[in-house]
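Notes for the one structure printed next.
The values are calculated or read from the model by the stated rules, or taken from the named source; none is laboratory data. Since we're looking at a predicted model, the values are computed, not measured. Using ideal geometry, Cβ is built from the backbone for each residue, glycine included, and neighbour counts are taken over all protein chains shown. Quick note on the areas: whole protein, heavy atoms, side chains included, nothing else; ligands and nucleic acids left out. Shrake-Rupley method; radii C 1.70, N 1.55, O 1.52, S 1.80 Å.
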Amino acid sequence: MINKNFALSVLVFGLFSPFNIYAGPGHDHGDEAVEQTLGDGPKRQATGEVFLPKPAQRQLGIRTLKTEIKPQAKVIELNGKVALDPQTGGIVQTTLGGSFVPPGQGVPQLGQQVKKGQVLGFIQTPQAALEKSSQQAQLAQLRSELTLTEKRLERLLQLADTVPKKEIDAAQAQVQSLKGQVAALAGGIASRETLRAPSTGIVASSMAISGKVFSEGDVLFEIVDPAVVRVEASWYESGVVPDFQSARVQAGEKGVKLKYLGAASSVKDQALTLAFEARGLQNTSFPTGQLLKVYAEQSGGVDAVAVPSAAVVKNASNQTIVWVKKEPEVFEPMVVLTEPLNGLEVLVRGGLSGGERVVVQGATLINQVR
């Protein structure tokens, strides 16, 4: 019983004692464990290289790609703009001017599918009261003359055996003439211009509002084919335009290849217009008027290294670099000289000789390690 009380007293004294208790020599591993944990983490070395352990590489999603020298097309970066394709698109404008009257199914909405020849609305042409009353009086007189002429023709037909045929023919011609005049004047009084879709596609833009008044020549609708894109780029250099074999534009995270159509022969805004197009697009659309970069590929090529644009970053000195995997857990920064290639990749003209494993995913994360 005494031994148990003594052991309990020693335990309580050890827990609540105000005196510090230290381990003997060779038994204190606290600082060493902390230093070992810090030493195994990502860090930038004095040479500028970055030590990145395998677990950290997996967490950051680091991916590398082995570079190689191969023929690359010469690419020129141009400023482009999406234009309306003249073959598959079209505009709807009024030739008379007046107030807009929607069709029975309502005003066409943006993005709505329409077919060629479909009625999109009407333009009601306004008339002055005096002019309209004068036309109505003239119409009433023409209708009266038509009625009398039709009765005269009917009597002549009854006397066809005794009346010269030329009188019957003259009466018939007069009836047809009066009918045409009545129809034309009646249409003029209730003047109404029908607006129809010039092509099959979707409504890309609409200015139509029920009752809105438009002037002669105003555009109400723009119809485009979403499967077709036409891009017009500006060429400001003097001399002969290069022979482009194709071009690319960026659409989100993917590129779209364009066919080169040709160059204009007249200068517009101090530049020549180069036309490119792509047909059969799916799940990709370009709004008309959108500004974008066109990467035009010239015929011929040059042997060089190409890397994804995500692999290129800036260092603290604002130099363009890529991160090269030197060892399994060591990455080295390499200063490079690059040029635009196709929107997804850049052409490395200096700094890489081929065969290096360049970081193509997670380069910005490695660049932030200090």
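Touching a Pro at 6+ places or on another chain (Cβ under 6 Å) and over 30 Å from V175 (Cα atoms) - does that describe any residue in segment 107-116?
No, the conditions are met nowhere in segment 107-116.
Test V307 against the criterion of being in a strand (DSSP E or B) and out of contact with any Phe, Trp or Tyr (no Cβ under 8 Å at 6 or more places or on another chain), and give yes or no.
Here the answer is yes, as V307 does meet what is asked.
Hey, does segment 54-66 have a residue that's over 39 Å from the mean Cα position of the chain (by Cα) and surrounded by fewer than 17 Cβ atoms within 10 Å (Cβ to Cβ)?
Yes: segment 54-66 contains one or more residues that are over 39 Å from the mean Cα position of the chain (by Cα) and surrounded by fewer than 17 Cβ atoms within 10 Å (Cβ to Cβ).
With (1) within 19 Å of T194 (Cα to Cα); (2) in contact with an Asp or Glu (Cβ under 9 Å, 6 or more places away or on another chain); (3) among the hydrophobic types (A, V, I, L, M, F, W, C); (4) buried (at least 17 other Cβ atoms within 10 Å of the Cβ) as the list, and A83 as the residue in question, which single condition is left unmet?
(1)
For the structure I just gave you, tell me whether G355 is more than 14 Å from A311 (Cβ to Cβ) and without any contact (Cβ under 8 Å) to a residue 60 or more places away in the chain.
So G355 does not fit the description; no.
Would you be able to tell me the number of residues in segment 224-238 that are open to solvent by 50 Å² or more (accessible area, probe 1.4 Å) and farther than 14 Å from L274 by Cβ?
Result for segment 224-238: 2.
Would segment 334-342 turn up any residue that is aliphatic (A, V, I, L, M), exposed (fewer than 15 other Cβ atoms within 10 Å of the Cβ) and under 22 Å from L274 (Cβ atoms)?
No, segment 334-342 has no match at all.
State yes or no: is G217 open to solvent by 20 Å² or more (accessible area, probe 1.4 Å) and under 22 Å from the mean Cα position of the chain (by Cα)?
no
Being in contact with a strand residue (DSSP E or B) (Cβ under 9 Å, 6 or more places away or on another chain) and within 23 Å of G41 (Cα to Cα): is that true of Q368 here?
no
Please work out if E356 is modelled with pLDDT of 90 or more and either exposed (fewer than 15 other Cβ atoms within 10 Å of the Cβ) or among the hydroxyl-bearing types (S, T, Y) (or both).
no
Table: residues versus (1) of a type in the set (D, E, K, R); (2) within 29 Å of L110 (Cα to Cα).
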site: S205; (1), (2): no, yes
site: K212; (1), (2): yes, yes
site: S215; (1), (2): no, yes
site: P226; (1), (2): no, yes
site: E237; (1), (2): yes, no
site: D243; (1), (2): yes, no
site: L258; (1), (2): no, yes
site: G262; (1), (2): no, no
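Output the number of the condition that S210 fails; it satisfies all remaining conditions of (1) open to solvent by less than 70 Å² (accessible area, probe 1.4 Å); (2) in a loop (DSSP other than H, G, I, E, B); (3) small (G, A, S).
(1)
Hey, can you tell me all the residues within segment 87-117 that are free of Cβ contacts under 8 Å to residues at least 40 places away in the same chain and exposed (fewer than 11 other Cβ atoms within 10 Å of the Cβ)?
Result: G104, Q105, G106.
What is the number of the single condition among (1) at pLDDT 90 or above; (2) open to solvent by 30 Å² or more (accessible area, probe 1.4 Å) that E145 does not meet?
Among (1) at pLDDT 90 or above; (2) open to solvent by 30 Å² or more (accessible area, probe 1.4 Å), E145 violates only (1).
Is it true that V182 is at pLDDT below 85 and either over 57 Å from the mean Cα position of the chain (by Cα) or open to solvent by 40 Å² or more (accessible area, probe 1.4 Å) (or both)?
Criteria not met by V182.
May I ask you to verify whether Q57 is modelled with pLDDT of 80 or more and more than 25 Å from A316 (Cα to Cα)?
no
Are any residues in segment 288-333 touching a Leu at 6+ places or on another chain (Cβ under 7 Å), farther than 27 Å from V249 by Cα and open to solvent by 50 Å² or more (accessible area, probe 1.4 Å), and if so, which ones?
Listed by number, the list holds a single entry, E329.
Return the only residue of V75, V82 being part of a strand (DSSP E or B), under 30 Å from V231 (Cβ atoms) and modelled with pLDDT under 90.
V75
Name the one entry in K268, K259 that is farther than 30 Å from R44 by Cα, at pLDDT 90 or above and either open to solvent by 80 Å² or more (accessible area, probe 1.4 Å) or more than 22 Å from the chain's Cα centre (by Cα) (or both).
The match here is K259.
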